[in-house]
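The values are calculated or read from the model by the stated rules, or taken from the named source; none is laboratory data. Quick caveat, the model's predicted, so the values are computed rather than measured. Note that each Cβ is placed from the backbone with ideal geometry, even for glycine, and that neighbours are counted across all protein chains shown.
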Amino acid sequence: MLRTEINELLTQTGPGTPMGDLFRRYWQPVLLAEELSANDGPPVRVKVLSERLIAFRDSEGRYGLMDEFCAHRGVSLWFGRNEEGGLRCPYHGWKYDYTGQAIEVPSEPETSNFCANVKLKSYPLVRRGDVLWAYLGDPARQPPLPEWEFVTVPEGQAYTSKRLQECNWLQALEGGIDSSHVSFLHSGSLDSDPLFKGSRGNAYNKGDLKPFFEVVDYEGGLLIGARRNAEEGHYYWRVTPWVLPNFTMVPPRGDHPVHGHFWVPIDDENCWAWSFDYHPTRRLTETEVAAMRAGMGVHSANDENYRPLANRDNDYLMDREAQRRGETYSGIKGIALQDSSLQESMGPIVDRTKERLVATDAGIIKARQKLRKAALALAEGVEPVGNRPQDQKVRSVAIVLPADQSFVEGIGEAMIAKPGVPQTTV
Amino acid sequence: MTQSGPISSCARAATAEEAAFRIDYPLAAARNTRVVALDVEAEEIVRRASEMRWAQARFYSAADPGHSLLTMSGRTVPLAGELEDSNTLVLVSTSGENAEAAATIGAACKARGIMTAGLAVTSGRLTGEALFALRPHTRILLVPAEDDDLFELLRATRA
Ligand code: FES
Ligand SMILES: [Fe+2]
């Protein structure tokens, strides 16, 4: 249960809100690189943290991200002409460069300096990996560029997708921290999904359906360890890192690529669920990429606007027969939609005053507490964690350890991302 | 609503407008929680939490190895009686002392199907004796827990 004020504090991320200010201390993924694939290509609308923006790639390949609406009379620059080093409003021809600076106002005399005083608010937009990242905060506080391993591995070793999720970011994130749902909701997928099946860890998973949990409070966020019985005197650990405010990674299975997520607020009632898969030491195979493109693993099959084909308008293609047969636990196909269908069903912003949390929800309780404290501390001038390279060079881990070892000691350096070093997995 | 085309059940049900019709009624306190401190420092944390208002939570100390279980006012009480009607038990340790008490309580909870949680309040340290004293007997463990985690856990679970 959360009081209404705290629910609002954590779920509202628009400009000037405490959580909004917190999010504005981090580089956030806002577009797939494929959305701005060519110089002078079509501009793309971006809504993030309740701000409506326009993104474009100019004639020299520079990325711009700025106020969607023309400074003159408020026309959407989505209709703009992207040409010769800037984006031109089609109404009266005002033209802006990639920083939002007006560079031409055709109605003014050629020698006028009017332009110099017209600038659309803009934010840095940079490419790392297959993702374009934006920073919407105070320029003086801009953190170093993102160092997440999935965007720093060599070309061909990562695949990233995004899908629209029609609910508040926090209930989506909480699904990523809520390890106890995996034994139920996703129980059908371990054997059938090509991106999960066939690892030794799966046998431990299925041999012990009631894991124990240890929630470790560490520098960048939380490490959530789920422990199951392995061979005599040993435990099988699955360790999920959560890095503030909205990043999680799923523990690996065998030599399959490792995956994880970001949940980025669009506005308070929608978010982008970002899903990535990568392998630290090898290229993804064609078969793997084909499966990811087809929406398997943590990905989903989407329409051209990145909305899942199975969505609330078609009841997520609910299959009661598959549910009855036990092929899927909820009747919905695929991990991604299994999660989002249920999270969307809670309503756009779930009313947390009505929850009945149980002790095994302690990870969620702790994450909310850390978010709340970070947002309130920032208002007092204390800078948050999670935006430093050392917080981001993190990995999930699957490992078998002696029963008398703390998992943090047992995994040691395994949770630190190191170029060319394989993931620790079972 | 101004939606064109057929409105399927999920499309309609998941809107903010429809969410507002979620019925409203008082929820009974779901958890009948017992909190047990395993050492003197943990007792301080538990005592502070016990001074707040709770629905049904009750607070104890097993810090003194001589006694089985003491209430916050120092009265010795039988474990079995206190576990009657309970469904959640939280063990709090700072030092790992009295691991036997943790084991006795853990076994009693297991026999009665009572969910156990543990707080290893070892500020700044990710491992230590408290972790190992609690681990075998708690389904979920916070390490290192902070002083206010007990309060947060109890409040979030409507204890
Ligand atoms: S069982 Fe968890 S939401 Fe219903
Ligand atoms: Fe899930």
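Among the conditions (1) within 16 Å of ligand 2 (Cβ to nearest atom); (2) more than 14 Å from chain B (Cβ to nearest Cβ), the only one that A:Ser183 does not satisfy is (2). Evaluation of A:Gly220 against the conditions (1) within 27 Å of A:Lys373 (Cβ to Cβ); (2) small (Gly, Ala, Ser); (3) within 16 Å of ligand 2 (Cβ to nearest atom) shows that the sole unmet condition is (3).
Selection within segment A:311-337: residues that are assigned to a loop (DSSP other than H, G, I, E, B) and of a type in the set (Ser, Thr, Tyr). The member of this set that is farthest from ligand 2 (Cβ to nearest atom) is A:Thr328. Confirm whether A:Ile364 is within 16 Å of ligand 2 (Cβ to nearest atom), within 30 Å of A:Pro144 (Cβ to Cβ), of a type in the set (A, V, I, L, M, F, W, C) and within 11 Å of chain B (Cβ to nearest Cβ). Answer is yes for this residue. Out of curiosity, is A:Leu190 at pLDDT below 95 and either surrounded by 15 or more Cβ atoms within 10 Å (Cβ to Cβ) or within 16 Å of ligand 1 (Cβ to nearest atom) (or both)? Spelling it out, A:Leu190 is indeed at pLDDT below 95 and either surrounded by 15 or more Cβ atoms within 10 Å (Cβ to Cβ) or within 16 Å of ligand 1 (Cβ to nearest atom) (or both).
Among the residues making up segment A:371-386, those that are assigned to a helix (DSSP H, G or I) and in contact with a Pro (Cβ under 9 Å, 6 or more places away or on another chain) are A:Leu371, A:Arg372, A:Ala374, A:Ala375, A:Leu376, A:Ala377, A:Leu378, A:Ala379. In a residue-by-residue description of segment A:208-223, the property of being within 24 Å of the chain's Cα centre (by Cα), surrounded by fewer than 18 Cβ atoms within 10 Å (Cβ to Cβ) and in contact (Cβ under 8 Å) with a residue 40 or more places away in the chain applies to at least one position. Checked against (1) touching a residue at least 24 places away in the same chain (Cβ under 8 Å); (2) facing chain A (nearest Cβ under 7 Å); (3) buried (at least 24 other Cβ atoms within 10 Å of the Cβ), B:Arg139 passes all but condition (3).
Listed by first and then second residue, the pairs linking a residue in segment B:143-159 that is basic (Lys, Arg) to a residue that is part of a loop (DSSP other than H, G, I, E, B) and crowded, with 21+ Cβ neighbours inside 10 Å, with Cβ atoms under 9 Å apart and 6 or more places separating them unless they lie on different chains, are B:Arg155/A:Leu2; B:Arg158/B:Arg31.
If you go through segment A:302-337 and pick out every residue that is under 14 Å from A:Ser189 (Cβ atoms), buried (at least 22 other Cβ atoms within 10 Å of the Cβ) and within 14 Å of chain B (Cβ to nearest Cβ), you end up with 2. Take A:Glu344 and decide whether it is assigned by the TED database to the domain that holds A:Val250, under 30 Å from A:Val394 (Cβ atoms), surrounded by fewer than 16 Cβ atoms within 10 Å (Cβ to Cβ) and of a type in the set (Asp, Glu). Here the answer is no, as A:Glu344 does not meet what is asked. Per the listing A:Leu53, A:Leu2, A:Leu10, the residue uniquely outside the structural domain of A:Thr160 (by the TED database), assigned to a strand (DSSP E or B) and either under 17 Å from the mean Cα position of the chain (by Cα) or in contact (Cβ under 8 Å) with a residue 24 or more places away in the chain (or both) is A:Leu53.
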